[in-house]
Amino acid sequence: MLVLRAEQLEMMRRPSIDRFENRMVDYLAAHYPSRYEELGEAGTRKSVRDSIDLGARHGIDTEGAVAGLIVLCLEYGSRFELSPAADWARGILEHPSLPGELKVRMIGERFESQSHGRKLNPVKLPSTESG
């Protein structure tokens, strides 16, 4: 009987995750050019990875749902769960039985409704680097 360790499974999944990440970076560059320019390729890639990690922590693991989450994070800020609807959004994200696609759709629809279609302009925090 073949038994695969977690590390082996991760090595098998990594190329697929890398391809998805590359597709999402290309998508964001094409559909959100000003945000892509602001973040740069490296910053956009980090945002994609952070969104993938956020999704993994909350059971959002299909490509479509993760792609939707990446767009939500880009449009409403990567910490959108800290919005005025934070408790509600956190409840949706942490709900144990809601499918990932439904979580993303519910949050997206609520934010769209509350913002009347306006997207968040993420606030840049002052740098803590001395220089």
Test: residue in segment 29-52 that is of a type in the set (A, V, I, L, M), assigned to a helix (DSSP H, G or I) and touching a Leu at 6+ places or on another chain (Cβ under 7 Å):
no
For segment 92-107, indicate whether the set of residues that are out of contact with any strand residue (DSSP E or B) (no Cβ under 7 Å at 6 or more places or on another chain), surrounded by fewer than 20 Cβ atoms within 10 Å (Cβ to Cβ), at positive phi and modelled with pLDDT of 75 or more is non-empty.
no
Regarding segment 17-37, can at least one residue be identified that is surrounded by 13 or more Cβ atoms within 10 Å (Cβ to Cβ), basic (Lys, Arg) and farther than 20 Å from Ser115 by Cβ?
yes
Within segment 45-65, identify whether any single residue is over 23 Å from Asn22 (Cα atoms) and among the hydroxyl-bearing types (Ser, Thr, Tyr), and answer yes or no.
no
Quick test for you: out of Asp26, Asp50, pick the one residue that is within 23 Å of Phe111 (Cα to Cα) and charged (D, E, K, R).
Asp50
Only residues that are assigned to a helix (DSSP H, G or I) and either closer than 18 Å to Arg110 by Cα or out of contact with any helix residue (DSSP H, G or I) (no Cβ under 8 Å at 6 or more places or on another chain) (or both): list them for segment 58-74, please.
Ala65, Val66, Ala67, Gly68, Leu69, Ile70, Val71, Leu72, Cys73, Leu74
Within segment 42-52, how many residues turn out to be loosely packed, with under 12 Cβ neighbours inside 10 Å and either touching a helix residue (DSSP H, G or I) at 6+ places or on another chain (Cβ under 9 Å) or among the acidic types (Asp, Glu) (or both)?
0
Hits in segment 39-77 (condition: within 17 Å of Ala29 (Cβ to Cβ), of a type in the set (D, E, K, R) and at pLDDT below 90)
Glu75
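The values are calculated or read from the model by the stated rules, or taken from the named source; none is laboratory data. For clarity, every value in this text was computed on a predicted model and none was experimentally measured. Here the Cβ is made from the backbone with ideal geometry for all residues, glycine too, and neighbour counts use every protein chain on show.
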